[in-house]
Amino acid sequence: QKEVEQNSGPLSVPEGAIASLNCTYSDRGSQSFFWYRQYSGKSPELIMFIYSNGDKEDGRFTAQLNKASQYVSLLIRDSQPSDSATYLCAVSSGGSNYKLTFGKGTLLTVNP
Amino acid sequence: EPEVTQTPSHQVTQMGQEVILRCVPISNHLYFYWYRQILGQKVEFLVSFYNNEISEKSEIFDDQFSVERPDGSNFTLKIRSTKLEDSAMYFCASSGTGIEKLFFGSGTQLSVL
């Protein structure tokens, strides 16, 4: 059974701080890694994806991947109250079917 | 901006009834998916569909479930005889050529009474 694990939180940070979200996965064959944001009652929205070990930056967001440790993280710099949401880690094993396995998500609260 | 459209937004049905959830994927996308999320739980993969056939399905997607692309624009999920445990938010998604651009619809909240 391929698993994606996340700390469910809630993670609470003050406005302007760095929020750090973590995810581990069990399938060593995993090739693609995704972070989605989900507001309560809404659909998942893609923030970033990463394929290679190391860091990938996009604006205030940085994804970090360590395949040896089977670990992926998301850093949010200068956190804003509008970043308050559940952050979902998702993993794909590639191939032609593009199935995503999601973690349960980490609830982030950014306090003004 | 193009979006995936799902109807209805809410569906209430009696146990044992058939339901059809409808989706209009983004027009030039080639891959279509159904996921579901039971309240407070993970988003779970149900099925992927490419080139007019199922490419992968999960253990959840048993004989009670079916998918169809009846024309060039719609993509449907049918549950033949609903159970209480089918109550969930059902998300349709589509992608062009790669999963890195997976777009989700706004979901259909299915309540089975």
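Is it the case, given these coordinates, that B:G16 is more than 14 Å from chain A (Cβ to nearest Cβ), more than 26 Å from A:V4 (Cβ to Cβ), at pLDDT 95 or above and part of a loop (DSSP other than H, G, I, E, B)? Can you show your working first?
Numbers: more than 14 Å from chain A (Cβ to nearest Cβ): yes; more than 26 Å from A:V4 (Cβ to Cβ): yes; at pLDDT 95 or above: yes; part of a loop (DSSP other than H, G, I, E, B): yes.
Criteria met by B:G16.
What do you reckon, is B:K78 closer than 19 Å to A:F102 by Cβ and surrounded by fewer than 19 Cβ atoms within 10 Å (Cβ to Cβ)?
no
Keeping to segment B:27-52, report how many residues are within 18 Å of B:D71 (Cα to Cα), in a strand (DSSP E or B) and hydrophobic (A, V, I, L, M, F, W, C).
Keep residues of segment B:27-52 that are within 18 Å of B:D71 (Cα to Cα), which gives B:27-34, B:48-52.
In the following step, the residues that additionally are in a strand (DSSP E or B) were identified as B:31-34, B:48-50.
Those left that are additionally hydrophobic (A, V, I, L, M, F, W, C): B:32, B:34, B:49.
Summing the residues that are within 18 Å of B:D71 (Cα to Cα), in a strand (DSSP E or B) and hydrophobic (A, V, I, L, M, F, W, C) in segment B:27-52 gives 3.
Can you tell me which residue among B:S111, B:S94, B:S55 is crowded, with 16+ Cβ neighbours inside 10 Å, more than 9 Å from every other protein chain (Cβ to nearest Cβ) and assigned to a strand (DSSP E or B)? Write out each step before concluding.
Details: B:S111 fails: crowded, with 16+ Cβ neighbours inside 10 Å; B:S55 fails: more than 9 Å from every other protein chain (Cβ to nearest Cβ).
After ruling out the rest, the residue left standing is B:S94.
Each row is one residue, and each column tells you yes or no for (1) more than 9 Å from every other protein chain (Cβ to nearest Cβ); (2) touching a residue at least 12 places away in the same chain (Cβ under 8 Å).
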| site | (1), (2) |
| --- | --- |
| B:L46 | yes, yes |
| B:Y50 | no, yes |
| B:E59 | yes, no |
| B:F65 | yes, yes |
| B:R80 | yes, yes |
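For the condition surrounded by fewer than 18 Cβ atoms within 10 Å (Cβ to Cβ) and either closer than 16 Å to A:L108 by Cα or in contact with a Phe, Trp or Tyr (Cβ under 9 Å, 6 or more places away or on another chain) (or both), what is the one hit in A:G54, A:G59, A:G41, A:G29? Steps first, answer last, please.
Numbers: A:G54 fails: either closer than 16 Å to A:L108 by Cα or in contact with a Phe, Trp or Tyr (Cβ under 9 Å, 6 or more places away or on another chain) (or both); A:G59 fails: either closer than 16 Å to A:L108 by Cα or in contact with a Phe, Trp or Tyr (Cβ under 9 Å, 6 or more places away or on another chain) (or both); A:G29 fails: either closer than 16 Å to A:L108 by Cα or in contact with a Phe, Trp or Tyr (Cβ under 9 Å, 6 or more places away or on another chain) (or both).
Result of the check over A:G54, A:G59, A:G41, A:G29: A:G41.
Is there any pair linking a residue in segment A:37-66 that is more than 28 Å from B:S9 (Cβ to Cβ) to one that is of a type in the set (K, R), with Cβ under 6 Å and at least six apart or on different chains, and which?
A:I50/A:K56; A:N53/A:K67; A:R60/A:R77; A:A63/A:K56
For segment B:26-44, give me each residue that is away from chain A (no Cβ under 11 Å) and modelled with pLDDT under 95.
B:I26, B:S27, B:N28, B:H29
From the list B:I99, B:I79, exactly one residue is closer than 30 Å to A:Y51 by Cβ and either among the β-branched types (V, I, T) or modelled with pLDDT of 95 or more (or both). Which is it? Spell out the reasoning first.
Numbers: B:I79 fails: closer than 30 Å to A:Y51 by Cβ.
That would be B:I99, the only listed residue that is closer than 30 Å to A:Y51 by Cβ and either among the β-branched types (V, I, T) or modelled with pLDDT of 95 or more (or both).
Please state which of the following conditions B:T76 fails to meet, knowing it meets all the rest: (1) assigned to a strand (DSSP E or B); (2) away from chain A (no Cβ under 11 Å); (3) among the β-branched types (V, I, T); (4) out of contact with any Cys (no Cβ under 9 Å at 6 or more places or on another chain).
If we test B:T76 against (1) assigned to a strand (DSSP E or B); (2) away from chain A (no Cβ under 11 Å); (3) among the β-branched types (V, I, T); (4) out of contact with any Cys (no Cβ under 9 Å at 6 or more places or on another chain), just (4) comes out false.
Among (1) over 10 Å from the mean Cα position of the chain (by Cα); (2) within 14 Å of chain B (Cβ to nearest Cβ), which single condition is A:Y87 missing?
Answer for A:Y87: the failing condition is (1).
The values are calculated or read from the model by the stated rules, or taken from the named source; none is laboratory data. All figures in this text were calculated on a predicted structure; none of them were measured in a lab. Cβ: placed from backbone, ideal geometry, glycine included. Neighbour counts: every protein chain shown.
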